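The values are calculated or read from the model by the stated rules, or taken from the named source; none is laboratory data. The shown structure was predicted, so the numbers you read here are calculated from the model rather than taken from an experiment. Every residue, glycine as well, gets a Cβ built from its backbone with ideal geometry; the counts of neighbours run over all protein chains shown. Surface areas here come from the heavy atoms of the whole protein model, side chains and all, with no ligands, DNA or RNA. Shrake-Rupley method; radii C 1.70, N 1.55, O 1.52, S 1.80 Å.
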Amino acid sequence: MAHATPQGVKLLNGWKRPGRFDKGLGAQLPEAYKKFWREWKLTTPAAVHYIPKEQQWERDEVTHAIKPVQNIPLPLIDTPESHRGIWGGEAVIKGFQKRQQTKRRVPHFWVPNLRRSVVHSHVLDSYMSVVVTERTLEQIHECHGFDHYLLKNRACDLRSALALKLKREVLQALQNGVPALADEPERQQEVLREYRRYLEPYTPEEIDWYGHTYLEAIRKLQMQLREAEKVVPHKLEFRGKLIEQLRQAGISEAGKLEKPDAPGAGSSAEHKDSDIEALTKLESSPSSSWLSKINPFGKKET
């Protein structure tokens, strides 16, 4: 059966639908981002809206029948507002509510109690006004600081794009030696001694890709691919070849042949400017009528 199908043995275990990391630009994302994605989306978060039961079996209160315990998490709705604040793992719950005994149940949404508060980051040395919940403030107090709250909790428990972005900025600041406290060396060393242990589970590449959404990661990958494969217009390429041939032929109007010692962005820009000036001199000189005919980028006489 397996040898008769074009896919072979793969069909014996069922057809696997390609995911976002199996095709297109998603397949080119580094393993560092895939590790963050598994921590954010595929890891089971801590129970927030229900109390998990530790035992495996329980007795029904009405029928007294013994049944297995099933800790099934509630389906949560992450609204755009939740990603602009820090809700401490809470989200919107959609369900039904029976408000009167003689009438049918009606749909209902349970929304967390939100409030605006100010949090302080010692690593970034800044105060931020964000929308939080009571659970967020309790966790910040339990962790003894906003930076500890961000660095101790996993991405699945933070559950907010803003919190993940701030966590990436804190990790990058610790990696660079807390540049926000460069004017206070003693305080800078104290903060580094307190928070340096959080850098051990991450590599520099993982910190760079941490906290990005899928679309942000795709845009970042596209920018890296464009920078790695810069396309030079043919106009600049042909113009450089023409100037080089004229210089090798010994034409004085084309300038002298110079070899830059250290190639760089500044030297290449100066070299292009000198090529443009050389072409301008050649076109303006009276003895360059034959050059204007072979120059594809020069001005044509009408």
- Query: Put +1 on the Cβ of each Lys and Arg and -1 on the Cβ of each Asp and Glu in segment 36-174; which of G85, I66, V118 then has its Cα farthest toward the positive end of the dipole?
  - Reply: I66
- Segment K230-D78, extension gain: residue separation times 0.36 nm, minus the distance between their alpha carbons: 50.8 nm
- Item | Added length on full extension, which subtracts the Cα-Cα distance from 0.36 nm per residue, R104 to A180 | 21.5 nm
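How would you classify segment 116-170 from its alpha-carbon gyration tensor, with a ≥ b ≥ c the square roots of the eigenvalues: rounded for a/c under 1.5, else prolate if a/b is greater than b/c, otherwise oblate? Mind dumping the intermediate values first?
Details: a/c = 1.20, a/b = 1.02, b/c = 1.18.
Rounded, since a/c falls under 1.5.
Using a probe radius of 1.4 Å on heavy atoms only, what accessible surface per residue do you get for segment 25-227? Whole Å² is fine. All intermediate terms of the calculation are to be shown ahead of the outcome.
Details: 12820 Å² over 203 residues.
On a per-residue basis, 63 Å².
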- Message: Could you work out what % of the accessible surface of segment 25-227 is carbon and sulfur, using a 1.4 angstrom probe and leaving DNA, RNA and ligands out of the count?
- Response: 51 percent
- Task: Quick one: order R247, R20 from most to least accessible surface, probe 1.4 Å.
- Result: R20, R247
- Task: Have a look at Q100, C143, T213 and report the one farthest towards the positive end of the charge dipole of segment 25-227, computed about the Cα centre with Cβ charges (Lys/Arg +1, Asp/Glu -1).
- Result: Q100
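Can you tell me the alpha carbon radius of gyration of segment 25-227 divided by the globular rule-of-thumb value 2.2 N^0.38 Å? Display every interim value, and only then the final one.
On the way: Rg = 20.9 Å, N = 203, 2.2 N^0.38 = 16.6 Å.
Taking N as the residue count of segment 25-227, the ratio is 1.26.
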- Task: Compute the length gained on full extension between Q189 and K165: take 0.36 nm times their separation in residues and subtract their Cα-Cα distance, giving the result in nm to one decimal.
- Result: 6.2 nm
- Dipole check, segment 25-227, charges on Cβ (K,R +1; D,E -1), about Cα centroid: among A155, P75, A47 the Cα furthest to the positive pole belongs to P75
- Task: With 24 Å as the limit, write out which pairs from K16/K41; K53/K94; K41/K94; K53/K167 have Cα-Cα distances beyond it, or answer none.
- Result: K53/K167
